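Participant: A single structure is presented below for examination.
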Amino acid sequence: MKAVTIGKYGNVDVLELRDMAVPAIGPREVLVKLRTAALNHLDIWVRVGAIPGLDLSQPHILGSDGAGEVAEVGAEVKKWKKGDLVVINPGISCGRCDHCLRGEQSVCNSFHVLGEHLPGTFAEFVKVPEENLLPKPPDITWQQAAAFPLVFLTAWRMLISRARLKPGETLLIPGIGGGVATAALTIAKTIGCTVVVTSSSQEKLGKAKSMGADLGIDYTREDVAAVVYSWTGKRGVDVVCDSVAGDTLDKHIQCLAKGGRLVTCGVTAGAKPQIDFRRVFWNQITILGSTMGSHQDFFEIHRLVAKKTVLPTIDSVYPLAEVKAAQKRMEEKQQFGKIVVEI
Ligand SMILES: [Zn+2]
């Protein structure tokens, strides 16, 4: 089968379309013939070798998100049959540890992600445990089916399961444009929140406004904390949904109301931010970490996507052979929403 792989860590030039063996499935696994996949920033972290402790056997197939058709099922699989149309939950857990048994699969002691620790979805076929599949909602497109799982699962868990975002609360989403940020905007507006977004791009701020964002701040021209403080009547926002960290994290903590929550899922702007910790205890700020989501989180977001209550924003679509150009677009931060790959 054709697959987009890396043979070593490096820039986009290490991406190579090559022939790989079709994965052999175990008794409780399903082989999926992929129709669509989608990019995530994680693909770039894996490609450049920026994930501590990740030692991959190469060539390694990238890609976490995917949707397609069941091609083959293992001997003990009861739920699926050949020809079923499915979407993939890319977070693979052991099912046996104490975290899995209490339903918290994304803190599993041996949590793995397709394309990160395991062969991914930029390929004609991928194998996954049967419990990592849900039916492809019939009313959404194949592009939407591949675009929603990782980012909507991540954003749903961050906002709803972790930060307990309530209707009517005010949310700040720094760096609007990425997949998780746009998913968070969609979810927050759907449940009736007021949303502030930031970007360095007027075009992205405009697109976010058209999706319902209540205030857009160009962080290169304005002091985000000062604008938020004044716009919220000297109160601050209830929740910050941060996937960037870096030097701006301290500013985002300054944006919080007393008793506010900051939930983080990523460090695209830097992994070792400097923050003034006095503000955290004095203002009684809660900092919450979040990664991917549980099966329960996936069921919940899948249900909303199936009803088209929330849908992913598609930025662009590339054929499998052009993943290099697609990753370049992501690395240059040109995208607004999800970059989809057609297989
Ligand atoms: Zn586990």
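Readers should treat all values here as calculations from the given coordinates under stated rules, not as data from a laboratory. Quantities reported herein were computed from a predicted structural model and do not represent experimental measurements. All Cβ positions, glycine included, derive from the backbone under ideal geometry; neighbour counts span all protein chains shown.
Participant: Going by how many other beta carbons lie within 10 Å of each one, how would you line up LEU150, LEU159, fewest first?
Facilitator: LEU159, LEU150
Participant: Pick out, from VAL280, ILE44, VAL70, the residue whose Cα sits farthest towards the positive end of the charge dipole of the chain, with +1 on the Cβ of Lys and Arg and -1 on the Cβ of Asp and Glu.
Facilitator: Value computed over the given set: VAL280.
Participant: Net charge near THR194, counting Lys/Arg +1 and Asp/Glu -1 over other residues with Cβ under 10 Å of its Cβ?
Facilitator: -2
Participant: When only DSSP loop residues count, what GluC sites (Glu not before Pro) in the stretch 268-343 have their Cβ near at most 11 other Cβ atoms within 10 Å?
Facilitator: Passing both the DSSP loop test and the Cβ count: GLU332.
Participant: Compute, for the stretch 1-91, the length of the dipole vector about the Cα centre, with Cβ point charges of +1 (Lys, Arg) and -1 (Asp, Glu) only. Units Debye, rounded to 20.
Facilitator: In total the dipole reaches around 260 debye.
Participant: Run the helix sum for the chain: -39,500 (n - 2.57) per DSSP H stretch of 4+ residues, divided by residue count, reported at 222 nm to the nearest 500 deg cm²/dmol.
Facilitator: -7000 deg cm²/dmol
Participant: Summing +1 for each Lys or Arg and -1 for each Asp or Glu, what net charge is found among the other residues whose Cβ lies under 12 Å from the Cβ of ASP218?
Facilitator: Net charge around ASP218: -1.
Participant: Return the distance in nm (one decimal) between the two label points of a simple spin-label model at GLU342 and GLU76, each offset 7 Å from Cα along Cα→Cβ.
Facilitator: 3.9 nm
Participant: Continuing with this model, one more query. Considering amide H positions built from the backbone, and no H for Pro or chain starts, which residues 5 or more places from GLY260, or on another chain, come under 5 Å of its amide H?
Facilitator: THR286
Participant: Taking only Cα atoms and a 10 Å spring cutoff, compute GNM fluctuations for the chain and point out the largest among LEU262, LEU171, LEU101.
Facilitator: Result: LEU101 has the largest fluctuation of those listed.
Participant: State the number of lysine pairs found in the stretch 153-289 whose Cα atoms come within less than 25 Å, restricting to pairs 8 or more positions apart or on distinct chains.
Facilitator: Total qualifying Lys-Lys pairs in the stretch 153-289 comes to 20.
Participant: Name the residue from PRO59, GLN335, PRO135 whose Cα lies farthest towards the positive end of the charge dipole of the chain, charges +1 on Cβ of Lys and Arg and -1 on Cβ of Asp and Glu.
Facilitator: The residue sitting most towards the positive pole is PRO135.
Participant: Just to verify a number: FRET efficiency for GLN58 and MET211, C-beta to C-beta distance, R0 = 30 Å, to 0.05?
Facilitator: 0.15
Participant: What is the local net charge at ALA38, summed over the other residues whose Cβ is closer than 12 Å to its Cβ (Lys, Arg +1; Asp, Glu -1)?
Facilitator: For residues surrounding ALA38, the net value is -2.
Participant: What whole-number distance in Å separates the alpha-carbon centres of the stretch 15-48 and the stretch 229-299?
Facilitator: 32 Å
Participant: Could you work out how much longer the chain between THR309 and ILE287 gets when fully extended? Use 0.36 nm per residue separation minus the Cα distance between them, nm to one decimal.
Facilitator: That works out to 5.0 nm of additional length.
Participant: In which sequence would HIS41, HIS112 go, from the one with the fewest C-beta neighbours within 10 Å to the one with the most?
Facilitator: Least to most surrounded, the residues fall as HIS112, HIS41.
Participant: Please list, in order along the stretch 20-30, the HN-Hα scalar couplings obtained from phi with the Karplus expression 6.51 cos²θ - 1.76 cosθ + 1.60 (θ = phi - 60°), rounded to whole Hz, x for Gly and Pro.
Facilitator: Karplus-based 3J(HN,Hα) across the stretch 20-30 equals 10, 6, 5, x, 8, 9, x, x, 10, 10, 10 Hz.
Participant: Relative contact order for the stretch 153-289: what is it in percent, counting Cα pairs under 8 Å that are at least 6 residues apart?
Facilitator: After rounding, I find 22 percent.
Participant: Give me, ordered by chain and number, the residues 5 or more places off CYS193 or on other chains with an amide H under 5 Å from its own placed amide H.
Facilitator: Amide H to amide H, under 5 Å and 5 or more residues apart or across chains, CYS193 pairs with GLY168.
Participant: Moving to a separate point now. Under the rule of at least 5 residues apart or a separate chain, name every residue whose amide H is placed under 5 Å from the amide H of PHE125.
Facilitator: LEU34
Participant: Short version: ³J(HN,Hα) in whole Hz for each residue of the stretch 242-255, in order, from phi by Karplus 6.51 cos²θ - 1.76 cosθ + 1.60 (θ = phi - 60°), x for Gly and Pro, what are they?
Facilitator: 10, 10, 10, 6, x, 5, 8, 4, 4, 4, 5, 5, 4, 6
Participant: Also, I was wondering about something else. Under unit Cβ charges (Lys, Arg +1; Asp, Glu -1), what dipole magnitude, rounded to 20 debye, does the chain have relative to its Cα centre?
Facilitator: Computed charge dipole of the chain: roughly 740 debye.
Participant: Pull out the extension gain between TYR219 and ARG278, defined as 0.36 nm times the separation in residues minus the alpha carbon to alpha carbon distance; nm, one decimal.
Facilitator: 18.9 nm
Participant: Continuing with the same structure: Given R₀ = 41 Å, what would the calculated FRET efficiency be for ALA271 paired with ASP139, taking r from the Cβ atoms and rounding to 0.05?
Facilitator: 0.55
Participant: Along the Cα→Cβ direction, 7 angstrom out, place labels at VAL107 and VAL12. What is the inter-label distance in nm?
Facilitator: Going from the VAL107 label point to the VAL12 one covers 3.9 nm.
Participant: Another question, if that's okay. How large is ³J(HN,Hα), in whole Hz, for each residue of the stretch 4-17 in order, when computed from phi with the Karplus curve 6.51 cos²θ - 1.76 cosθ + 1.60 and θ = phi - 60°, using x for Gly and Pro?
Facilitator: With the stated coefficients, the stretch 4-17 comes to 8, 10, 10, x, 7, 7, x, 6, 4, 5, 7, 6, 9, 7 Hz.
Participant: On a straight-distance basis, which aspartates and glutamates could pair with LYS308 in a cross-link, Cα separation under 14 angstrom, same-chain partners fewer than 8 positions away excluded?
Facilitator: Cα-Cα hits under 14 Å: ASP139, GLU300.
Participant: Just want the ordering: SER210, SER290, SER200, from fewest to most Cβ atoms lying within 10 Å of their own Cβ.
Facilitator: Result, fewest neighbours first: SER210, SER200, SER290.
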